[in-house]
Structures are given as C-alpha cells and as structure tokens.
Amino acid sequence: MVSAPETSRILMEASDDTDNSDDTKHHEEKQTKQKQFQTQVRQLVETIDDMRNPFEEDTSDLYTLDTKVVMSPEVIMSVKTAESIGKAQYESVIVERLSNNIKGFYETIKKNSLPFFRTGSRKKEAKA
C-alpha cells in the first residue's frame, strides 16, 4: 500500500509534468509534418493526373497499370481461372477436413503456383 506522503509526491510530479508542457500539439500537427504531407499529396495528385484512364484504352490486352507491360497468355489464363481454382480448393477443404475428416484440419494446404503480374513475361509494351 502506498503511503500518503508517497502519493502526494507522485501527484505533485504528475501535475508538474502537465504544467510545464508548452508543446501540446500532436507530432503530426507540427509545421514540418504538415508541409511534408502537403508535398506528398501534391505529388500523388500529379501522378494521378499523369496517368491515363485504363478504361479508355482501345486494346483488349491485359497489362499492368503502372508499367503498361502486356501480360503473357499464361498469366491471362491464370487470371481467368483463379476464381474457379479457389472455389474447387475451398470445396475440397470442406469435404476432406470438415465433412469426411480425411485430413486433419490444420494440415498444410497446397500452395498455388500460378503466374501473375510479377512473374509475367514481357511480351510487348502496350500502346500508350
């Protein structure tokens, strides 16, 4: 149990700490942080303005928005089949692990190795 003099000392220290605080702003409200934030917002707006609307493109190719690299046929096929592969895996997990107890619930699920945008081969540049 804390004695009365010790409690009094702790309360005095706490009140001294709050009275001497000249800087009451949050660190993100200071002028340097605000200038940095405004600069970042300005740069983001400029980047968005420089980009073209991807829905106005005349091409039917699948390409990345940032680099405009057209994806290979393997990547296009993996994007088209990703949902059906995921649904089939979900159904197999339900049947094997919950309904029939063929596999343990916490056994590792096989990883898909589908080629996507980062692994797509550079076929050609999209017309910008």
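The values are calculated or read from the model by the stated rules, or taken from the named source; none is laboratory data. Bear in mind the structure is a predicted one, so any value in this text is a computation, not a measurement. Cβ coordinates were reconstructed from backbone atoms using ideal geometry, including for glycine residues, and neighbour counts include every protein chain displayed.
Residues in the range 36-56 that are over 25 Å from the mean Cα position of the chain (by Cα) and modelled with pLDDT of 85 or more: there are none.
The lone criterion from (1) outside any loop (DSSP other than H, G, I, E, B); (2) modelled with pLDDT of 90 or more left unmet by Glu28 is number (2).
Candidates Ile94, Ile85: the one that is surrounded by 12 or more Cβ atoms within 10 Å (Cβ to Cβ) and modelled with pLDDT of 90 or more is Ile85.
Quick grid of which residues meet (1) closer than 30 Å to Glu28 by Cβ; (2) in contact (Cβ under 8 Å) with a residue 12 or more places away in the chain:
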site: Asp49; (1), (2): yes, no
site: Arg52; (1), (2): no, yes
site: Glu57; (1), (2): no, yes
site: Asp61; (1), (2): no, yes
site: Val79; (1), (2): no, yes
site: Glu91; (1), (2): no, no
site: Ser99; (1), (2): no, no
site: Ile102; (1), (2): no, no
site: Phe116; (1), (2): no, yes
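Looking across Thr59, Thr81, one residue alone is β-branched (Val, Ile, Thr), assigned to a loop (DSSP other than H, G, I, E, B) and either within 23 Å of the chain's Cα centre (by Cα) or under 30 Å from Phe116 (Cα atoms) (or both). It is Thr59.
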